[in-house]
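Enquirer: Below is a structure I'd like to ask you about.
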Amino acid sequence: MPPTIILADDHPVVRQGIRILLERESFEIVGEAVNGIEAVQLAAKYQPDVAVLDLAMPVMNGITAVGQIREISPRTKVVLLTMYTEEHHVLQALRAGVKACVTKTQAVEHLISAIREVCAGGVYLSPSVSGAVVQAYLAKSDAPYDPLTDRERQVLQLVAEGNTTKEIALVLGVAAKTAETHRVKVMEKLDIHSTAGLVRYAIRRGLVQA
């Protein structure tokens, strides 16, 4: 049986291109998502062998989605597609449980190799990504401390994307008061007390793009 895969990327053309290339390799694409929330829902529904996630997605990014996918579908291996090769982004992804990091600038052969490697129980890093890991090891650096929970990180992303409290509540499926409580906790934990400050922090952490 070929590995079952879900794809998550907010650009339809990118998803279509990846799907065509993977299906040529006899991989079975069982679902497509435009953001992390949809990816989590697909993982719960299909329990796929592999989830190929873009790092920078609206509503819920790839890193936040990884933790939830691991909870609802422990067998699913996550391959992260990213434009970021800075060591703190790579370390954060590995800490979250990602089994492979592939940069979008690399040839599709790297993605195919990554999927095969994680299905065999291994770990795969694109050359540019592995370079960042080596540099981090040599410098004895670690992923920067993140005091936020997955839910708070999602709220931060939604705030940075310009959503109001009511809109955040609608996305999360909670009351507006609960959404506001999450927002206040994020500000308190980060010691940031303005929306502009939260946006800058979210950009630095790769939750949103500048």
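Values in this text are rule-based calculations from the coordinates and carry no lab data. What you are looking at is a predicted structure, and each value in this text was computed from that prediction instead of being measured. Cβ sites come from the backbone with ideal geometry, for glycine too, and all protein chains shown count toward neighbours.
Enquirer: Can you report the principal axis dimensions of region 150-204 using only the alpha carbons, biggest first, rounded to whole angstrom?
Expert: Extents along the principal axes, in whole Å: 27, 19, 19.
Enquirer: What is the gain in length, in nm to one decimal, between R19 and T181 on full extension, counting 0.36 nm per residue of separation less the C-alpha to C-alpha distance?
Expert: 54.3 nm
Enquirer: Note down the nm distance, to one decimal, between modelled labels 7 Å out along Cα→Cβ at I192 and at Q106.
Expert: 2.9
Enquirer: Turning to a different aspect of this structure: Full extension from I72 to S128: what is 0.36 nm times the residue separation minus their Cα-Cα distance, to one decimal in nm? Don't skip to the end; give the middle numbers.
Expert: Numbers: separation 56, 0.36 × 56 = 20.16 nm, distance 3.08 nm.
Separation in residues times 0.36 nm, less the Cα-Cα distance, equals 17.1 nm.
Enquirer: Turning to a different aspect of this structure: Show that you can apply the helix-only estimate: for the chain, add -39,500 (n - 2.57) for every DSSP H stretch of four or more residues, divide by all residues, and state [θ] at 222 nm to the nearest 500.
Expert: Rounded to the nearest 500, the figure is -16500 deg cm²/dmol.
Enquirer: Using a Gaussian network for the chain with springs between C-alpha atoms less than 10 Å apart, which of these wobbles most: I192, I37, I18?
Expert: The residue that fluctuates most here is I192.
Enquirer: To continue, here is another question. When only Cα pairs under 8 Å and 6 or more residues apart are kept, what is the percent relative contact order across region 150-204?
Expert: This gives 41 percent for region 150-204.
Enquirer: Please identify the trypsin sites (Lys or Arg not before Pro) of region 1-83 that satisfy two criteria: DSSP loop assignment and at most 13 other Cβ atoms within 10 Å. Which are they? Before the final figure, lay out the partial values.
Expert: On the way: sites: R15, R19, R24, K45, R70, R75, K77; in loops: R75.
In loop regions of region 1-83 (DSSP not H, G, I, E or B), the sparsely surrounded trypsin sites (Lys or Arg not before Pro) are R75.
Enquirer: Could you calculate the contour length gain from R151 to K45, that is, 0.36 nm times the residue separation minus the distance between their Cα atoms, to one decimal place in nm?
Expert: Details: separation 106, 0.36 × 106 = 38.16 nm, distance 2.09 nm.
Computed gain between R151 and K45 is 36.1 nm.
Enquirer: Under a 10 Å cutoff between Cα atoms, tell me which one of V155, V171, V50 has the largest fluctuation in the Gaussian network model of the chain.
Expert: V171
Enquirer: List the residues, sorted by chain then number, that are 5 or more residues from E32 or on another chain and whose placed amide H is less than 5 Å from its amide H.
Expert: Distant-sequence amide H within range of E32: L7.
Enquirer: Could you please report the charge total around T178, scoring K, R as +1 and D, E as -1 over all other residues with beta-carbon less than 15 angstrom from its beta-carbon? Don't skip to the answer; put the middle values down first.
Expert: Working: positive: R151, K166, K177, R183, K185; negative: E152, E167, E180.
Result for the neighbourhood of T178: +2.
Enquirer: Counting Lys +1, Arg +1, Asp -1, Glu -1, what net charge surrounds L148 among other residues with beta carbon under 9 Å of its beta carbon?
Expert: Net charge in that neighbourhood comes out at +1.
Enquirer: Report ³J(HN,Hα) in whole Hz for each residue of region 165-179, in order, from the Karplus equation J = 6.51 cos²θ - 1.76 cosθ + 1.60 where θ = phi - 60°; Gly and Pro get x.
Expert: Using θ = phi - 60°, the values come out as 4, 5, 5, 5, 4, 5, 5, 7, x, 10, 6, 4, 5, 5, 4 Hz.
Enquirer: I would also like to ask the following. Net charge around V52, counting only other residues with Cβ within less than 14 Å of its Cβ (Lys, Arg = +1; Asp, Glu = -1)?
Expert: -4
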